[in-house]
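The values are calculated or read from the model by the stated rules, or taken from the named source; none is laboratory data. Owing to the predicted nature of the structure, the values given are computational and were not obtained by experimental measurement. With ideal geometry, Cβ positions are generated from the backbone for all residues, glycine too; neighbour counts draw on all protein chains shown.
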Ligand SMILES: Cc1cc2nc3c(=O)[nH]c(=O)nc-3n(C[C@H](O)[C@H](O)[C@H](O)COP(=O)(O)O)c2cc1C
């Protein structure tokens, strides 16, 4: 049996497949249909300082090759997360990657300080949220804001800090570099792409907030390019995210430079997917005579450019 384990910085994960934030609840919501143990790690729904009810429906619209969502960060808030969700995972012997968001660098740091590094694998900073002090602009589009939040969290939390990046910028590698210089242990790319739908009866978007986030197979090529460009620029580990729906997609992310891969939208349609992806990864390592992803990377490095 090939060894599917991967390293993300100092962390060793049993396999390179993670559940992406917002697509697997707080880790136990899909159990036993999808047991969280199947993943190398689970990233929780983004938690904010206070509970949030999220946007008014409709919140989802299907597109030919993807999903538009306008959930609005509905979540239970930090107190309930600490009181209920995290202990439930702990009782199961699981340490999640906890996704957090807040309205300012000090508010991010306060959230980070409330989390026990021994109870979680890492923090993932969801910076695709409004910067209260800058008139609601998205933190993740501003390298200086990304660096300020990363530094603030770094000094408040004694464990791995992952920074999740938005593709809605001109140069995602520049933002990744800002996060890395500020002390990020890994960067995660990508969050959803800015998108929109139109209801032809009204001639308007069906979403209360008009625009929404696009995910699913349509965004895979965008995500692969983002991971590759980041890999050319920074040395920190990269978590590839966006449109992964098969073992082949996961392998493409790893070849583009990702250290591990998060799967989101594809989980909604197919609870058997994680198991099939892992079986497919094993089969591919076997087929190429590899006992680990390190072996496969060596084969890829030796192959002529296509
Ligand atoms: C319904 C839904 C909710 C999401 N909620 C979050 C969230 O709370 N925090 C976050 O960082 N990303 C969130 N995302 C983005 C995903 O984690 C992921 O970055 C994106 O969907 C691209 O991956 P995918 O194509 O595999 O879904 C959400 C995505 C979807 C579809």
* What single numbered condition from (1) within 16 Å of the ligand (Cβ to nearest atom); (2) over 17 Å from residue 66 (Cα atoms) fails to hold for residue 235? -> (1)
* Taking residue 21 and the conditions (1) touching a strand residue (DSSP E or B) at 6+ places or on another chain (Cβ under 7 Å); (2) under 30 Å from residue 196 (Cβ atoms); (3) not in a loop (DSSP other than H, G, I, E, B), which numbered condition does it fall short on, given that it satisfies the others? -> (3)
* To do: Hey, can you tell me all the residues within the range 191-230 that are away from the ligand (no atom under 14 Å from the Cβ) and surrounded by 21 or more Cβ atoms within 10 Å (Cβ to Cβ)?
  => 230
* **Residue among 71, 34, 100 that is closer than 24 Å to residue 213 by Cβ, out of contact with any helix residue (DSSP H, G or I) (no Cβ under 9 Å at 6 or more places or on another chain) and surrounded by 15 or more Cβ atoms within 10 Å (Cβ to Cβ)** => 71
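Quick check: is even one residue across the range 198-212 in a loop (DSSP other than H, G, I, E, B), under 24 Å from residue 34 (Cα atoms) and at pLDDT 95 or above? Reasoning before the result, please.
If we filter the range 198-212 for residues that are in a loop (DSSP other than H, G, I, E, B), which is where we start, we get 198, 200-203, 205-211.
With under 24 Å from residue 34 (Cα atoms) added as a condition, the list becomes none.
No - not one qualifying residue is present in the range 198-212.
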* Structure fact -> The one condition residue 168 fails out of (1) crowded, with 20+ Cβ neighbours inside 10 Å; (2) in contact with a strand residue (DSSP E or B) (Cβ under 6 Å, 6 or more places away or on another chain) is (1)
* To do: Quick one: count up the residues across the range 238-248 that are surrounded by fewer than 24 Cβ atoms within 10 Å (Cβ to Cβ), more than 9 Å from the ligand (Cβ to nearest atom) and either without any contact (Cβ under 8 Å) to a residue 24 or more places away in the chain or not in a helix (DSSP H, G or I) (or both).
  => 1
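I'd like to check something: does the range 158-175 contain any residue that is more than 15 Å from residue 101 (Cβ to Cβ), part of a helix (DSSP H, G or I) and in contact (Cβ under 8 Å) with a residue 60 or more places away in the chain?
So in the range 158-175, the residues more than 15 Å from residue 101 (Cβ to Cβ) come out as 158-160, 167-175.
Filter again for part of a helix (DSSP H, G or I), leaving 172-175.
From what is left, the residues that are in contact (Cβ under 8 Å) with a residue 60 or more places away in the chain are 173.
Within the range 158-175, one or more residues are more than 15 Å from residue 101 (Cβ to Cβ), part of a helix (DSSP H, G or I) and in contact (Cβ under 8 Å) with a residue 60 or more places away in the chain.
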* Structure fact -> Flagged in the range 46-55 as assigned to a strand (DSSP E or B) and away from the ligand (no atom under 13 Å from the Cβ), in numbering order, are none
* Structure fact -> Checked the range 56-109 for anything part of a loop (DSSP other than H, G, I, E, B), away from the ligand (no atom under 11 Å from the Cβ) and within 23 Å of residue 31 (Cα to Cα); matches are 76, 77, 92, 93, 94, 95, 96
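Any chance the range 38-55 includes a residue that's closer than 26 Å to residue 16 by Cβ and surrounded by fewer than 20 Cβ atoms within 10 Å (Cβ to Cβ)?
First, pick out the residues of the range 38-55 that are closer than 26 Å to residue 16 by Cβ: 38-47.
With the extra rule that they be surrounded by fewer than 20 Cβ atoms within 10 Å (Cβ to Cβ), the set shrinks to 38.
Checked the range 38-55: at least one residue is closer than 26 Å to residue 16 by Cβ and surrounded by fewer than 20 Cβ atoms within 10 Å (Cβ to Cβ).
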* In the range 255-272, how many are crowded, with 21+ Cβ neighbours inside 10 Å, in a helix (DSSP H, G or I) and touching a helix residue (DSSP H, G or I) at 6+ places or on another chain (Cβ under 7 Å)? -> 1
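If I filter the range 249-295 down to residues being over 24 Å from the mean Cα position of the chain (by Cα) and touching a residue at least 12 places away in the same chain (Cβ under 8 Å), which single residue comes out as nearest to the ligand (Cβ to nearest atom)?
So the first thing to find is which residues in the range 249-295 are over 24 Å from the mean Cα position of the chain (by Cα), and the list is 283-291, 295.
Then keep just the ones that are touching a residue at least 12 places away in the same chain (Cβ under 8 Å); that gives 283-286, 290-291.
Values: 283: 22, 284: 20, 285: 22, 286: 26, 290: 25, 291: 28 Å.
Top of the filtered list is 284.
Within the range 140-157, which residues are assigned to a loop (DSSP other than H, G, I, E, B) and under 13 Å from residue 129 (Cα atoms)?
142
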